[in-house]
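As structure tokens, the structure follows; a few thoughts come after it.
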Amino acid sequence: MIKNRYSLISMAARLFVALIIAALARAAFAEPDQACLAELDRVQARMTEFNQLYDQCRQVNIPLDYPTVTKTMLEQFLPLAHQDAEGVDTNRAHFEARDLQRSLDDAIAGMKAFLQNPSLAPDARRFVTGPIEVNGLSFIGNRVDHQGRHDRGPVFFCGYGHFDQVRTDVPKWPGYGVNIIQIELGPSGTLVGENEVSLKEAEAVVKVLDEAANYNVTVNILLSPHYFPGWALAKWPEVAPGGGNPGYCVDSPHAKVIMEKFLRIVIPMFKNKKALHSFCLSNEPNFSRSQDCVNTKELWARYLASAHGTVAALNACYGSHHAAFADVPIPGMDQPEFYDYSIFNEQRFAAWHKWMGDVIHSMAPKALVHAKIQLEMAVLSRWYHKSSWGVDPELFGQELDLNGNDDMVLEPEPRSEWALGWQLQNMGYDIQRSMAFKPIFNSENHPTLDGYRGYVAPEHFRTTLWQGAIHGQGATTIWVWERGSNPSDGIYGNVMDRPGCTQAVGVTCLDLNRFAEEVTALQKVKAPVAIVYSGTSIKPDRRYRRSMETLYTALNFSGIKLDFISERQLIAGKGRDCKLIVVPDATQILPQAMDALGRLRRSRLAIAGDGLAKDCYGKETPASQLDKLRLGALILDARLPAKKIQTDLRRELDKIRALPPMQVVDAATGKAIWGVEWLPARVKGRTVINAVNLLNKPVDVRILRGNRMLTATNLFSLGGREPVETLQPMTPVLATLGR
């Protein structure tokens, strides 16, 4: 009774504060923007014409999947834009009006063309609720087209996360052209007391799963171990120190008991639901403060014993004088021991995720699991707070069913030549799929920055999603389907504040599934080149990442697939499959990987800067071994701009016959194009070329085979008939070559 009384008082206090904040917010609203309101009124008036055309198309059975995306978006966003123009957020209202007007123009023009020539209307192919399997980089599922033809094949999943609105709008998702959402629950909402279980959150998830199945929407469930019960931390305070994210010592015995109890309650409630796509094991995981965990010292000593065998061998490696493995402290980044600690921490954290997956698989053997690792921090810069981040994409890829991540494609830097910041997604995805040939699931996709108040072109979102798929993405849920009100709240400025971007997501999802076989063929193109991905070098030297990005950029516009190859893969002999292996400024590398490079006979080697100069503990590579490798290699200077390095690399690619038989060239000069990523593939007896202009200006191109110009049409254009001549920034083209 006392507890309820204080709950009521607390609720009343929160309501009072909320009312005060709301009153202050209303007082802070700007005056209505009359010009913007007038523009929105014009959009509203034109909806009459739109609806008339829509009905005419429907009456004659013209496919309306694409206009329906516009219709759904307009019906939800037009009232929201009016509220903004009335004073809620006049800055955002101008962006919304701009997007709404453009979307309406395009849809009306498209439907008029369909009525004149119904064959121009694209026949979309959609996912149908049913079993989902994995085949290489692809999700395989049930599909149906506008004519009612059913089959089973590659499906691309695109949608949104992550809170209340995404659940509320489940009936709208088919209209928006998307087919997946991510929602969450965690142990604290289920294990509400030591001996008290609440099924409220789990039952709410079940309700979403049941509804989603009726709308051919699939659901990924984030199991949110970071929502750890407060009562458990109070009872076992030794669990709390350390961690990183989830924020506690995940592999302590008490923490594992809690997680397993939670999983064994909720997984049976979800596992047989038709709309279940997969489980996400952790959100932006890192184990950067594991050194503070009570069990770390013992586990660290055990690892050192297994890695070095004897204390004498350890001392010889480190140049130390330890009497026992237990005497070795947690090292700093500038110590040779740091390499061992990083590997120990990565193996430990991956093992915990594998344990969690194994618990799920013991109840649901066919369930798919992943963890949304942060590519920017975990994959391309694996240290934080002068300790190991604890995330190795290779281990996570091997131990889990999917390559999960949380990634971003942000606006370009000032004065950049690029239209968007594409490198992180490209490289991160290529690293993940090279480490484990499994679908990539970006379950917290950030195509823009939280709180960003500037305009984001719909093309930015389209390029992010389309190119993500080309580089191995099979599923994504975009952050975040909620309306923001404060630029500092982590919600503002994202996709639900940007109607044009919402439409771009739906159209791109429809296109990915309409051309699923073509995209799958592009994903499967064999890479003749591999860049060495050295976790050993990332740890101590950030120059390595800059060098890797420069070399990747220099190679990316050559019409070839780019792989990465890890030190473990080199040791296993995978280097034999590569025509060219490129070593960035990887100053440190495992001695066994160095030996593997030396054994290669048919693979050409390119080395940048001080690559291969030291081993994993910072000891100099024997001069004779290094000189022998460098003597026969192409030596590159990764301090130069990527555009200057491109010339040497293309010459090498041509020499080893790694370039494709056709070339996309600058129409004005006839020379290799810069800034356009392009890749050919064979599918259904024809050649298709994916091309996207990543520069901030249009470029005119030609496609040549030798000196002969080839004709090509853009399959995305109306009826797939538009010739490929000028590539606009951030506008992917799927070209098919004339016979």
Cα centroid of region 606-661 to Cα centroid of region 143-193, whole Å: 46 Å
Likely footprinting exposure, 249, 57, fewest C-beta neighbours within 10 Å first: 57, 249
For region 529-655, the Rg and Dmax computed from alpha carbons only, in angstrom: 13.2, 38
Estimated inter-spin distance, residue 546 and residue 637, nm [label 7 Å along Cα→Cβ]: 1.5 nm
Pairwise Cα inverse-distance average, inverted: Kirkwood Rh of the chain (Å): 27.7 Å
Dipole axis of the chain (+1 Lys, Arg; -1 Asp, Glu on Cβ), positive-most option in 582, 694, 272: 582
5 angstrom amide H check on residue 712, placed H, neighbours 5+ away: 724, 738
Whole-Hz ³J(HN,Hα) from phi, Karplus 6.51 cos²θ - 1.76 cosθ + 1.60, for region 231-248, glycine and proline x: 5, 6, 5, 5, 6, 10, x, 5, 6, 6, x, x, x, x, 8, x, x, 8
Gain in span if fully extended, residue 333 to residue 234, counting 0.36 nm per residue against the direct Cα distance: 32.3 nm
Built amide H within the under 5 Å cut-off of residue 492, gap 5+: 451, 485, 486
Where no second cysteine Cβ lies under 4.7 Å, the cysteines concerned in the chain: 36, 57, 280, 317, 501, 578, 616
Burial ranking of peptide ranges 143-151, 490-498, 196-204 (average Cβ count within 10 Å, highest at the top): 490-498, 196-204, 143-151
HN-Hα J in Hz across region 42-54 - Karplus 6.51, -1.76, 1.60, θ = phi - 60°, x for Gly and Pro: 5, 4, 4, 5, 6, 4, 4, 4, 4, 5, 5, 5, 4
Spatially proximal aspartates and glutamates relative to residue 200 (Cα-Cα < 19 Å; intrachain offsets below 8 disregarded): 164, 184, 210, 211, 260
Long-range HN-HN contacts of residue 369 with modeled amide H, under 5 Å: 279, 401, 402
Three-way shape call for region 409-543 based on the alpha-carbon gyration tensor, with the a/c threshold at 1.5: oblate
Contact order relative to length of region 554-692, as percent, for alpha carbon pairs under 8 angstrom and 6 or more apart: 27 percent
Peptides ranked, highest mean first, by Cβ atoms within 10 Å: ranges 682-691, 430-439: 430-439, 682-691
Too-long pairs where the Cα-Cα distance tops 27 Å, listed order kept, from 207/372; 297/574; 271/524; 172/526: 297/574; 271/524; 172/526
Mean Cβ neighbour count within 10 Å, used as a protection proxy, ranking 395-405, 207-217, 641-651, 621-631 highest first: 395-405, 207-217, 641-651, 621-631
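Where Lys and Arg each count +1 and Asp and Glu each count -1, what net charge lies around residue 622 among other residues with Cβ under 14 Å from its Cβ? It would help to have the intermediate numbers written out before the result.
Details: positive: 614, 619, 628, 630; negative: 595, 615, 620, 627.
Local net charge: 0.
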Farthest positive-ward along the chain dipole, Cα basis, beta-carbon charges - from 636, 288, 528: 528
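We did not get these values from a lab; they are worked out from the coordinates using the rules stated. Note that this is a predicted model, so its numbers are computed, not measured. Note: ideal-geometry Cβ built from the backbone for every residue, glycine included; neighbour counts use all protein chains shown.
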